[in-house]
Structure formats: C-alpha cells, structure tokens
Amino acid sequence: MDFKKKKILITAGPTWVPIDEVRVISNIASGKTGLLLARQAKKLGADVTLLMGPTENTIINNCIKVKPFKYFDDFKETFTREINKNYSVLIHSAAVSDYQPKKSSSGKIKSDFKRLSLDLILTPKLADRVKKINSKIFLVLFKLELNVPKAALIARAFKLLKATEADLVVANTFKGNNYNAYIVDRDKKIIGQAKNKNQLTKLLLKRIDERL
C-alpha cells in the first residue's frame, strides 16, 4: 500500500451537545479507531488531518495535523470547511450526536429539581452533505448497531451507503469485549471482516487503496 501524495481526512471521537453552560450530552466513543487509522495512514505516506473529539486518547505523531473539537456546532463548522478542500479520502468514524436539546439553558440549571425533562431534536446529518459538497472524495462511513443479527446490520449499513452515496461503509457492533466489523461496498458485498480495531484499520486502508 502506498498513500503518498494522498490527502486523507479522518474524524474520530464523540461530540458534545450542551444542556446548559456546564452540562453536556455525549456518548462513550473512545476515538481509538480514528486514531489508529490516522497513525497507520501516516505510516503509509498519507498527508493526514484528524478531527478529534474530546477523548483521553492522544496523538504521538507530530506529523498528523489534529483539529480538536468538543461541541457538535464546532464539529459541524470544521467538518464543512474541511470537506470543501481537496482531500482524496474521508474516513468518517466520529460518533456524531444524533440529538440535541431544542434549547440549551444559559447559566447552570439548578440541581434541586425533583424532575427535569429535556426536549430533544435531531441534529443535521452531516454525512448526507459530503458528496453534495465534494463529489470526488472517496467517502467511508461507519454504522454502529447493537443487538441486531448480522443480516440486519449489513442491511442498515447498505441503506446508509445508498442514502449518502458513500463508497464504503463499516458496519460494526460489539457486545462486551466481542467486536465485529464488516466492510460493505456499493454492491452490498462484504469485502472484509475484522474481530478487533487494529485488524480493521489495516484491512480498511487496504480496501481503500485498492479502489483509489
């Protein structure tokens, strides 16, 4: 594999949405997959930019350009700006917030309420915008599902692929320490399977290289 002169944009980690000025809604994404992909792509000669959400994982390669973000709105702005640039590949592995409070509170909500309800609305689906903004970029998306049969997992991944015009989708799931990932292409074929994230990283980059 040789990614020399290839510009690759990778997203990783969770995004926050604010409840008030000190509280957020987030998820348990570690950003590990995106970080492993960034490191491996750099080893293969790629010019890598990593959009990294708030995690404990850190970068050890100073040659990787890291653009940190915390909140969904920050990510949306940076993501939209970056995909307008001349990247060859976008690997969108960040766990982007699906919902956000309809209105976040100023200051801090008092902690003595016996009951507190949040009115949540959908966040914009940023993956839907990628090919509309940059039709030439090779787009890889991730679809995480839990407690679904393999056939349903693949079907949902393919539905995402068609809706976004992506080139590949990684359909992944886990239960405890058991991880499974399947790489799905535009023919709904499984072109790779991995049992851990290190294995997935190398296999996914190999499949991307074969198609560039």
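How big is segment 1-120 along each principal axis, measuring the range of its Cα positions in Å and listing the largest first?
Its Cα atoms span 58, 27, 19 Å along the three principal axes.
Project the alpha carbons of segment 57-104 onto their principal axes and report the range along each, largest first, in whole Å.
39, 26, 15
If you average 1/r across every pair of different Cα atoms in segment 68-132 and take the reciprocal, what Kirkwood value do you get, in Å?
Its Kirkwood hydrodynamic radius stands at 14.4 Å.
For residue 134, which sequence-distant residues (separation of 5 or more, or a different chain) have an amide H within less than 5 Å of its own amide H, given hydrogens modelled in the peptide plane?
Excluding prolines and chain starts, which carry no amide H, there are no hits.
Do the alpha carbons of any pairs in 42/103; 32/131; 159/202; 7/103; 6/143 sit beyond 31 Å of each other, and which pairs?
Cα-Cα > 31 Å for 42/103; 7/103; rest within.
Mind checking which of 202, 175, 42 has the largest fluctuation in a GNM of the chain, springs on alpha carbons under 10 Å?
175
Rounded to the nearest 500, what is the 222 nm mean residue ellipticity of the chain from helices alone, with -39500 (n - 2.57) per DSSP H run of 4+ residues and division by all residues?
-8000 deg cm²/dmol
How would 121, 208 line up from fewest to most surrounding beta-carbon atoms within 10 angstrom?
Final ranking by Cβ density, sparse to dense: 121, 208.
Which residues' amide hydrogens lie under 5 Å from the amide hydrogen of residue 144, considering only partners 5 or more residues apart or on another chain, with H built in the peptide plane?
172
What's the extension gain from residue 180 to residue 63 if we count 0.36 nm per residue and subtract their Cα-Cα distance? Don't skip to the end; give the middle numbers.
Working: separation 117, 0.36 × 117 = 42.12 nm, distance 3.04 nm.
Gain in length upon complete extension: 39.1 nm.
Quick one: what are the phi-derived ³J(HN,Hα) couplings along segment 192-201, Karplus 6.51/-1.76/1.60 with θ = phi - 60°, whole Hz, x for glycine and proline?
Values, residue by residue: x, 9, 9, 9, 8, 6, 5, 5, 4, 4 Hz.
Send over the per residue convex hull volume for segment 164-211, Cα only, as a whole number of Å³.
Working: hull volume 3.5 nm³, N = 48.
Expressed per residue, the convex hull around the Cα atoms of segment 164-211 is 73 Å³.
How much length, in nm to one decimal, is gained on full extension between residue 1 and residue 78, taken as 0.36 nm per residue of separation minus their Cα-Cα distance?
24.8 nm
Rounding to the nearest 10 and keeping the result within 0 to 90°, find how far the Cα-based axis of helix 32-43 lies from the longest principal axis of the chain.
For helix 32-43, the angle is close to 40 degrees.
State, as an integer percentage, the relative contact order of segment 129-196 based on alpha-carbon contacts under 8 Å between residues 6 or more apart.
Computed value for segment 129-196: 27 percent relative contact order.
Where a number appears in this text, it was derived from the coordinates with a stated rule and is not lab data. Note that the structure is predicted; figures quoted are calculated from it, not measured. Quick reminder, even Gly has a Cβ in these numbers, built from the backbone with ideal geometry, and neighbours come from all protein chains shown.
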